[in-house]
Amino acid sequence: MPDVPSESAPPPRTVITFGTFDVFHVGHLRVIERAAALGARLVVGVSADALNLRKKGREPVFSQSERLEIVAALKAVHEVFVEESLELKRDYITQFAADVLVMGDDWAGRFDEFQDICEVVYLPRTPAISTTALIEKISGG
Ligand code: C2G
């Protein structure tokens with residue numbers, strides 16, 4: 001018998017998410033795992049060092065290639081790429097044929113404009129952990 005998908009089976013969905021993922025922590029892991037659970041394939045855009053410098057006025061602790069390497073090694077992640085600009089989100093969603101865009105709810109409402117090409121989901125942030133707080137703690141601040 002040929003392996004024909006049943007008519008009622010929903011097509012496998014591609015999920016896309018974005019982030020810096022600097023000083024990788026459990027809040028990052030949870031958003032990635034919950035994003036992956038919304039589809040069959042998870043693509044992650046890891047923000048470029050230059051984008052961070054422009055946006056936050058400082059270099060990330062870990063370089064872009066290190067952050068990419070860490071995110072790519074996660075079981076839940078199928079593909080990673082460098083997010084060069086926040087303004088290219090629509091292009092990335094199209095390029096990777098994403099059905100769902102996932103972000104933490106610190107971005108709530110910010111990407112609703114993409115609802116014309118994909119589902120947009122904001123997941124609750126993991127409380128009480130952030131890269132900034134970790135950097136302050138480690139540096140004794
Ligand atoms: N996150 C979370 N819980 C935390 C910390 C972060 O759920 N305690 C989520 C964020 O909401 C985001 C993802 O982890 O969805 C990555 O967080 P950051 O590395 O801080 O990413 P950011 O610099 O906000 O992304 O296009 C977006 C850019 O790439 C920037």
(message) What are the membrane-span-like helices in the chain by this rule: whole DSSP H runs, Cα extent along the axis at least 24 Å, mean Kyte-Doolittle hydropathy at least 0.0?
(response) none
(request) Per residue of the stretch 77-82, in order, report the coupling 6.51 cos²θ - 1.76 cosθ + 1.60 (Karplus, θ = phi - 60°) as ³J(HN,Hα) in whole Hz, putting x for Gly and Pro. (result) 9, 9, 8, 10, 8, 8
(request) May I ask for log10 I(q)/I(0) of the stretch 29-83 at q = 0.21 Å⁻¹, from a Debye sum over the Cα atoms as equal point scatterers with solvent left out? (result) -0.77
(message) Going through the cross-link list K89/K137; K55/K89; K55/K75, which pairs have a Cα-Cα distance over 23 Å in this structure?
(response) K89/K137; K55/K75
(request) Mind listing the long-range amide H neighbours of R13? Cut-off is under 5 Å, sequence gap 5 or more, other chains count too, H placed in the peptide plane at 1.01 Å from N. (result) A40, R41
(request) Name the residues whose placed amide hydrogens come within less than 5 Å of the amide hydrogen of L123, ignoring near sequence neighbours (fewer than 5 apart) on the same chain. (result) M103, G104, D105
(request) Would you please name the trypsin sites (Lys or Arg not before Pro) within the stretch 35-93 that are DSSP coil residues with at most 15 other C-beta atoms within 10 Å of their C-beta? (result) R58, K75
(request) Express the relative contact order of the stretch 99-141 as a whole percentage, based on alpha carbon pairs under 8 Å and six or more residues apart in sequence. (result) 41 percent
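Hey, fewest Cβ within 10 Å first, where do S139, S65 land in order?
S139, S65
Tell me, rounded to the nearest percent, the portion of alpha carbon pairs in the stretch 12-141 spaced more than 17 Å apart. List each step's numbers first, then the result.
On the way: 4795 of 8385 pairs.
Above the 17 Å cut-off, the stretch 12-141 has 57 percent of its Cα pairs.
Each reported figure results from applying straightforward, stated rules to the coordinates on display, with no laboratory input. A quick note: this is a predicted structure, and the numbers were derived from the prediction, not measured. When we count neighbours, we look across all protein chains shown, and the Cβ atoms used for this are built from the backbone with ideal geometry, even at glycine.
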